[in-house]
Amino acid sequence: MKAWLIAAAVVLSVALGATLAWHHYVGAVDQEDLLGDAGRDRIGAPRQITIETAPRPSGGGAVPSAGLPRVPGVALDAEPGRNILLAGLDARPEEDRATARADTVIVVHLTEAGDRAYLISLPRDTRVAIPGHGTDKLNAAYALGGFELLARTVQQVTGLVFDAGAIIDFAGLRKVVDAVGGVQLCVDEETTSVHVGWDASGRETPPYRLIPPSFRPEKIGGVRAQVYHVGCRHFAGWEALDYVRQRELIPDGDYGRQRHQQQLLRALAEKITSLGVLANPIALDRALRAVGDSLTFDGNGASLTDWLVRLRAIGPSDLTLLRTNGGQFHTEQRDGRDYENLDDATGELFAAARADRLAEFADRHPAWVIN
């Protein structure tokens, strides 16, 4: 999602320019107060700010979570850089979006200089304390209290305060990929789909049942599963959506899924900003409309146009993708459910984000960087 915002900013600033064109596409994005009082400098009544004049108080603000290491001398609302919380919803057609679980949670840190963005995916099964709801998996926070509760929960885990938030649903992801004519992805491990398959008559049907409470996959006889073999190839929207949803049958589970999702975001950013889309007015219009229709955005008092201007200097090559726990499992089973725990080094990752020193962290931990 962040990559789509970056791509939209680059495309709009380079290809459109005119004020009327900006408002034409910005108006297509659903803008809501997602963060509520969980946003930076929003303790109490919301205040109108611009992206360049956002206040940086030296004290006060939200209370840091107990046990989280703080940056010496830096108050929560004065952390350098900007942070965006992204939530991807995997609501099925029969589900209500308001009660869906956030299947993807990504923290984006923009450097104070505004020239680089770091994407950190949080495992959906991370065991967390959800304010007012006890202990559960991270992806339950959205279903229990919407985006604001998810933001408060992630703030407790990371110590980061958020300047903006965005939601995209998985149906929207498919539309964006199709709107740009598909993307090129390199499959790094053989991936068998538990969602898409075909029966003997060629009719599409799920090849596996997911058995609760752990949602263990159980093969359905007579159904051939879709398999994504190792190698680089073109992906249509339905394939890209299916590929980045898979975790049950790949060796690195949710960490592999996070990696594939982040790779897709980068591929989308590259495709949207490519000359093939920029030079084709019809393709450009189709892509930007799909991006707009798929997003719900909260700029925490700053307009979407302000954010697009701020992001215009960041292109696909300026994105660094990072994994928590170095991509290693720290699984704990409780009452028949598997939870993921974050290790001490991940705490150092969050501390580096709070201090705007993720470049140094990435240099010290190259295995944590997704290439």
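The values are calculated or read from the model by the stated rules, or taken from the named source; none is laboratory data. Since the model is a prediction, treat every value here as computed from it, not as a measurement. Positions of Cβ are backbone-derived with ideal geometry, glycine not excepted, and every protein chain shown enters the neighbour counts. Just the protein is used for accessible areas: all its heavy atoms, side chains included, with ligands, DNA and RNA removed. Shrake-Rupley method; radii C 1.70, N 1.55, O 1.52, S 1.80 Å.
Largest first, how would Trp368, Trp238 line up by accessible area (1.4 Å probe)? Don't skip to the answer; put the middle values down first.
Working: Trp368 25, Trp238 85 Å².
Correct descending sequence by accessible area is Trp238, Trp368.
For Ser317 and Cys186 in the same chain, what is the full-extension length gain: residue separation times 0.36 nm, less their Cα-Cα distance, in nm?
45.5 nm
What nm value, rounded to one decimal, do you get for the distance between Ala359 and Leu210 when each label is placed 7 Å out toward the C-beta?
Spacing of the two 7 Å Cα→Cβ label points: 4.0 nm.
So, with +1 on the Cβ of K and R and -1 on the Cβ of D and E, and no other charges, what is the size of the charge dipole of the range 102-199 about its Cα centre, to the nearest 20 debye?
Charge dipole of the range 102-199: 300 debye, to the nearest 20.
From the phi angles alone, apply the Karplus equation (6.51, -1.76, 1.60; θ = phi - 60°) to the range 115-120 and give each ³J(HN,Hα) in whole Hz, x where the residue is Gly or Pro.
Each residue of the range 115-120 in turn: 10, 7, 10, 10, 9, 10 Hz.
Which FRET efficiency, nearest 0.05, do Trp238 and Phe329 yield, Cβ-Cβ r, R0 41 Å?
Efficiency for this residue pair is about 0.90.
Which cross-chain or sequence-distant (5 or more) residues have an amide H under 5 Å from the amide H of Arg40, H modelled 1.01 Å from N in plane?
For Arg40, whose amide H was placed from the backbone, the distant partners under 5 Å are Phe162, Asp163.
Can you work out the PRE-style zone for Asp344? Point 7 Å along Cα to Cβ, and I want the residues of the range 353-371 with backbone N under 16 Å.
Flagged as within label range: none.
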